[in-house]
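The values are calculated or read from the model by the stated rules, or taken from the named source; none is laboratory data. Because the structure is a prediction, the values reported are computed rather than measured. Glycine also receives a Cβ, built like all others from the backbone with ideal geometry; neighbour counts cover every protein chain displayed.
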Number of protein chains: 2
Amino acid sequence: MHQLTPYVPGEQPKISNLIKLNTNENPFGPSPKVLNAIEIETGNSLRLYSDPTSERLVKSIARYYQLKPQQIFVGNGSDEVLAHTFQALFQHGKPLLFPDITYSFYPVYCKLYGIEAETIPLNENFEIDVNHYNRPNGGIIFPNPNAPTGHGLELDAIEALLKNNPDSVVVIDEAYIDFGGTSAVVLIEHYPNLLVIQTLSKSRSLAGLRVGFAMGNAELIKGLTRVKDSFNSYPLDTIAISGACAAIEDKTHFEYTRKQIITSREQLAAQLKALGFNIIPSQANFLFITHPQHDAAGLAGHLRVRNIIVRYFNKPRIDQYLRITIGTADECKALVTALQDIVNE
Amino acid sequence: MHQLTPYVPGEQPKISNLIKLNTNENPFGPSPKVLNAIEIETGNSLRLYSDPTSERLVKSIARYYQLKPQQIFVGNGSDEVLAHTFQALFQHGKPLLFPDITYSFYPVYCKLYGIEAETIPLNENFEIDVNHYNRPNGGIIFPNPNAPTGHGLELDAIEALLKNNPDSVVVIDEAYIDFGGTSAVVLIEHYPNLLVIQTLSKSRSLAGLRVGFAMGNAELIKGLTRVKDSFNSYPLDTIAISGACAAIEDKTHFEYTRKQIITSREQLAAQLKALGFNIIPSQANFLFITHPQHDAAGLAGHLRVRNIIVRYFNKPRIDQYLRITIGTADECKALVTALQDIVNE
């Protein structure tokens, strides 16, 4: 295990008055109904084990997406769901395919479970081209919209990928889907090789509650459950189950906040464009931006001095980009003002 | 992964008016300070990721046990801590040693991670004899007190085991230690090969909050952290971290409830002895009992009809035993009355 290179999450600094736009958290709080559900749950019941099957939550998600409970798997954040997916569903002996620029936890899981990886370069516009995935593989995974680019794929491209790879599990990691993408959930009934993973950390404002889930054919879900039941009987605590149910069920809060974020994103994109930034069209709650005259690491440093943190990846192809979370209207404004100062200095 | 035989946790039935003595939960609720801490935490902060290092909780545990933070690892229940321990610390290619009668999740982890297992029979009194562990191994693990027997080992026996196996990691799973055993924590500074695992599910009444931890040499903790950071950056949610800190810090509630349980256990043991049961002396919050004239599965069935559930294991050597959690005074009384009826029928 000494050869493992762990995933490094975005910084969670313990500084007040910070404008934190580095880990794609939601600027709005969770639904008040979540807080109410947690309050009700926090009683004597904590002495008892939580439901090992998280039945209430599974049913809640199934109702929301019009699926059967046997098509739903829940876990302690979508990272845990992803870890079990890598161990349970990707074939060993054949390479797993994913983009060269994507969620950087994927290669870490490959190392953890001894899975061979083959990265497929994004095209010159930083887009996934599904035609590049027609090669022998033991599975395919990418986020849609992709991270950290924010670029979204159309459903027909995903469907083509599923048709061309009938013997592989294709995982669409939809952490950011609610900010403008089209979910592949509707393809589940036609493609038994499709697994869709979502999280409550972004569009449901519950990064701190650690709940994620997967949806797919009942056979895939059985495979995940077999690994989960060999790892931890009770991955979700009682409070997380209750809070998550309330979050899934409060459609009003969800719709209101996600629309606000989409509006802010488009406004911010226009303002940054006016400052000379190039921006990849985003379907996520972040923007991936670059400036032809200003070094990205330098910009991040200048923002940091002004108490604004954004995400910078010192990696090939993207070392001149910054990933900026869509914050509140005030946070967006502060960001634009700061970048204006820096760029015009 | 199709060959996995998952662990089967004790039943969590959704029936009211049940006397539930089957999964060693605490009859008392958690500290009121835990509920208060959770209430305070349940605010806007849930939109942010929880602290990936659970620093507050690590420091809380370090203070409690007078260890350094680098000697503490926390996880989503002690089952997750155990899973990471199996993957990170047991050497492959050599068998892991554990008792034939013990926590039945151990062989499941071995299968999950491809670790060879060798079971060492308990002696005729259902006790662990550490002299039987002097053979080539890639690690040793057992609970102290052992489950489901409740039998506790003295510290000098554990120290002998550590001395005889300096090249193996020896894991003492202390889920039930606070009900009368002597923790091996004091040996950590002398034995770099010792890992002690504890949980908040039993003596802290927080089975529903899912928090467990490991203590040992900083190098062992580093190994666990490397696997954890390759699996899930944020295994503990914000609420679990806060609640767990409050539970560790409220010594008054802890001392009061654990002493009540010890008193109830001794009283219950005497009453069951009077009914003709043989009882293994227990240092845990359960009793492991057998009756020379009554079949154990039959007794469990009769209790079930009376709305009392206890744990029965249909396994070699222990298929005439029942494991009974120490409940409230009223639950203990109802159990004794029911067994009296059944035995005298």
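Annotations
- So residue B:45, is it more than 22 Å from the chain's Cα centre (by Cα) and either under 28 Å from residue B:305 (Cβ atoms) or of a type in the set (Ser, Thr, Tyr) (or both): yes
- Filter result (closer than 29 Å to residue B:38 by Cα and of a type in the set (Val, Ile, Thr)) within the stretch B:176-229: B:177, B:185, B:196, B:197, B:199, B:211, B:221, B:225, B:227
- Summed over the stretch A:204-214, the residues that are within 11 Å of chain B (Cβ to nearest Cβ) and either in contact with a Cys (Cβ under 7 Å, 6 or more places away or on another chain) or at negative phi (or both) give a count of 7.
- If you check A:128, A:141 for being away from chain B (no Cβ under 14 Å), crowded, with 24+ Cβ neighbours inside 10 Å and either at pLDDT below 95 or under 18 Å from residue A:78 (Cα atoms) (or both), only one passes: A:141.
- Taking residues in the stretch B:16-34 that are within 16 Å of residue B:77 (Cα to Cα) and within 11 Å of chain A (Cβ to nearest Cβ), and partners anywhere that are acidic (Asp, Glu) and part of a loop (DSSP other than H, G, I, E, B), the pairs with Cβ atoms closer than 8 Å and at least 6 places apart or on different chains are B:23/B:11.
Conditions (1) in contact with a strand residue (DSSP E or B) (Cβ under 9 Å, 6 or more places away or on another chain); (2) closer than 19 Å to residue B:220 by Cα, marked per residue:
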| position | (1), (2) |
| --- | --- |
| B:146 | yes, no |
| B:154 | no, no |
| B:161 | yes, yes |
| B:166 | no, yes |
| B:176 | yes, no |
| B:187 | yes, yes |
| B:195 | yes, yes |
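- All of (1) in contact with a Ser or Thr (Cβ under 8 Å, 6 or more places away or on another chain); (2) at positive phi; (3) more than 14 Å from every other protein chain (Cβ to nearest Cβ) hold for residue B:276 with one exception: (1).
- Residues of the stretch A:215-244 that are under 21 Å from residue B:236 (Cβ atoms) and more than 10 Å from chain B (Cβ to nearest Cβ): A:242, A:244.
- Taken across the stretch A:329-344, residues that are outside the structural domain of residue A:125 (by TED's automatic domain parsing), crowded, with 20+ Cβ neighbours inside 10 Å and of a type in the set (D, E, K, R) do not occur at all.
- Here the helices (runs of 4 or more DSSP H) wholly within the stretch B:52-165 that include at least 2 residues being touching a residue at least 60 places away in the same chain (Cβ under 8 Å) are B:55-65, B:77-89, B:106-113.
- The stretch B:28-51 - residue that is modelled with pLDDT of 85 or more and part of a loop (DSSP other than H, G, I, E, B) and, of those, surrounded by the fewest Cβ atoms within 10 Å (Cβ to Cβ): B:51
- Residue-level analysis places residue A:257 among those that are within 12 Å of chain B (Cβ to nearest Cβ), β-branched (Val, Ile, Thr) and under 21 Å from the mean Cα position of the chain (by Cα).
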